1. Which condition number in (1) assigned to a helix (DSSP H, G or I); (2) in contact (Cβ under 8 Å) with a residue 40 or more places away in the chain; (3) not β-branched (V, I, T) is the one that R41 fails?
2. Take the residues in region 18-59 that are of a type in the set (A, V, I, L, M) and modelled with pLDDT under 95; name whichever of them is surrounded by the most Cβ atoms within 10 Å (Cβ to Cβ).
3. Return only the number of the condition from (1) in a loop (DSSP other than H, G, I, E, B); (2) more than 12 Å from I71 (Cα to Cα); (3) open to solvent by less than 90 Å² (accessible area, probe 1.4 Å) that K6 does not satisfy.
4. Just to be sure, is H48 more than 19 Å from G80 (Cα to Cα) and assigned to a loop (DSSP other than H, G, I, E, B)?
5. Within region 76-84, is even one residue out of contact with any Asp or Glu (no Cβ under 8 Å at 6 or more places or on another chain) and free of Cβ contacts under 8 Å to residues at least 60 places away in the same chain?
Amino acid sequence: MNTSKKIWFRAKRYGWGWTPTSWEGWVIMLVYIIYLVHTFRVIDSMQHSGSDTLINFAPRFIFATLILLAICYTKGEKPGWHWGK
């Protein structure tokens, strides 16, 4: 029986962060991008100025990004600064 954890995101070759490597990782990234674009467009259509749009969009962006980072951390390789492999 194989007990190894399936990796959705691998560590980047250079720098800090992750890259999707499985279909699950790509779906997560697609959902993240679609959510941010949709949310921005909805907020922008209801606001009268650019600053109001950004002020109302920022908390949703931060929340979605924290969720993405949590998923990457649990389903990906150990993060760290890499100078190439």
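1. (2)
2. Checked region 18-59; the qualifying residue surrounded by the most Cβ atoms within 10 Å (Cβ to Cβ) is I43.
3. (3)
4. Numbers: more than 19 Å from G80 (Cα to Cα): yes; assigned to a loop (DSSP other than H, G, I, E, B): yes.
Judged against the criteria, H48 is a match.
5. Applying the first criterion (out of contact with any Asp or Glu (no Cβ under 8 Å at 6 or more places or on another chain)) to region 76-84 yields 76-84.
If we keep only those that are free of Cβ contacts under 8 Å to residues at least 60 places away in the same chain as well, we get none.
No - not one qualifying residue is present in region 76-84.
The values are calculated or read from the model by the stated rules, or taken from the named source; none is laboratory data. Predicted model, so just to flag it, every value in this text is computed and none were measured. Cβ atoms come from the backbone with ideal geometry, glycine included; neighbour counts cover every protein chain shown. Side chains are part of the model used for accessible areas, which takes the heavy atoms of the whole protein and leaves out ligands, DNA and RNA. Shrake-Rupley method; radii C 1.70, N 1.55, O 1.52, S 1.80 Å.
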